[in-house]
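All remarks here apply to the structure that follows.
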Amino acid sequence: MSWKACVATSAGPTGFGPMLYAGHVRECVAVSRELGFEGIEISMRSPDELDRRELESLLRAGCLELAALASGRVFLEDGLSLSDSDEGGRARAVARVNELIDYGAPFGAPVIVGLARGTRPPDGDLDGAVARFVASMRECADHAAAVGAGLVVEAINRYETALLNTAAQTVAAVERVGAANVAVLLDVFHMNIEEVAIGDAIRATGARLGHFHLVDSNRRAAGMGHVDFDQVVAALADIGYDGWLSAEVLPLPDDRAAAEQARRYATSINQSLKTSSQSVISRHI
Ligand code: LER
Ligand code: MN
């Protein structure tokens, strides 16, 4: 078994920090190829940001896949929320996410739903907000199914949103959506804040896990913080995870060094998986 690794970037410049080569997809593709990544993940506000055919030829030339398309900037930069209590606003958010689904579908890339679910309902009614989010996700899941695509819902820590902070809450919401093409995304940075035990949360998510953000406690590349990745890797192996390890990391000390560190760590994880059923990751990378 081995996991494919990718770098998370952004189609345009963004205030959202943990992106490498944000606004410079061409450069991200070149570096990803040089370092041996298998793909890239792109954060996209709107399909207008990057011509699909241009991306197709960039990826083909770089022998890379589009691992996923992230939608958080739809909320962060355009204020569109899938849990909006205003029906018009909610419909606009669904429509925009559907545009991203259409963009990603020919690449086989799922759309990540993180902050596109919104942050805090102004009326404080969290249950109502989650119900509206679930309804929106059903609409997006239907749209995605029609084009052979899928979505992943990310558990995000409490300081960024009041909705779906833990893996268990996210699994419950995805089960309420009840669509075969909607899975869960776990991000180690958020799990380090929210979960009692990261490995247990991964195991409890099990087959629902569809995408994974491999990042450390300080949002730097894995190995640069204090997360015990042995338990993360052992849990991913236990559940038979076969998705991406995506480096959604801060460009620290700079884009290139962060990408190199992410690559080294992903390689080390895969080597330890090959040589041992019990994951032992070198601490010296
Ligand atoms: C996105 O993947 C993420 O991790 C969040 O912090 C913001 O959307
Ligand atoms: Mn993330």
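A short reminder: the numbers here are calculations on the coordinates, not readings from a lab. It should be emphasised that the depicted structure is a prediction, and the values quoted were computed from it without experimental measurement. Here the Cβ is made from the backbone with ideal geometry for all residues, glycine too, and neighbour counts use every protein chain on show.
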Charge-dipole axis of region 4-283 as Lys and Arg at +1 and Asp and Glu at -1 on Cβ define it, positive-most pick from Gly210, Gln271, Leu115: Gln271
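Per 0.36 nm of contour for each residue apart, how much would the distance between Glu27 and Arg53 grow if the chain were fully extended, relative to their Cα-Cα spacing?
In short, 7.7 nm is gained.
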What does the charge dipole of the chain about its Cα centre add up to, to the nearest 20 debye, if the Cβ of each Lys and Arg holds +1 and the Cβ of each Asp and Glu holds -1? 480 debye
At a 10 Å Cβ-Cβ cut-off, how would you order Ser272, Ser83, fewest neighbours first? Ser272, Ser83
Could you work out how far apart the two model spin labels at Ala207 and Glu34 are, taking each label as a point 7 Å from the Cα in the direction of the beta carbon, and quote it in nm? 4.3 nm
Scan the chain and hand back the longest stretch that contains none of the trypsin sites (Lys or Arg not before Pro) lying in DSSP loops with at most 13 other Cβ atoms within 10 Å. 1-157
Using a 7 Å offset from Cα along Cα-Cβ at Arg264, what residues in region 208-238 end up with backbone N under 14 Å from the label point? 221-225
To the nearest 0.05, what FRET efficiency results for Ala131 and Asp242 with a Förster distance of 45 Å applied to their C-beta separation? 0.90
In vacuo Debye scattering of the chain, one point per C-alpha: log10 I(q)/I(0) at q = 0.12, 0.14, 0.16 Å⁻¹? -0.69, -0.96, -1.27
Taking the dipole of the chain about the Cα centre (Lys, Arg +1; Asp, Glu -1; charges at Cβ), the one of Ser246, Ala131, Gly104 that reaches farthest to the positive side is Ser246
Any chance you could check the Cα centroid distance between region 144-173 and region 1-72 for me, in angstrom? 21 Å
Multiplying the sequence separation of Ser2 and Ala197 by 0.36 nm and subtracting their Cα-Cα distance, what value in nm do you get? 67.8 nm
Kirkwood-based shape ratio for region 129-245, expressed as Rg/Rh from alpha carbons: 0.98
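Provide the FRET efficiency to the nearest 0.05 for the Gln169-Val147 pair, computing r from the beta carbons and using R0 = 30 Å.
0.60
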The chain: calculated mean residue ellipticity at 222 nm from DSSP helix runs of at least 4, using -39500 (n - 2.57): -13500 deg cm²/dmol
Two-site FRET efficiency, Thr119 against Gln271, from Cβ-Cβ distance with R₀ of 45 Å, rounded to 0.05: 0.70
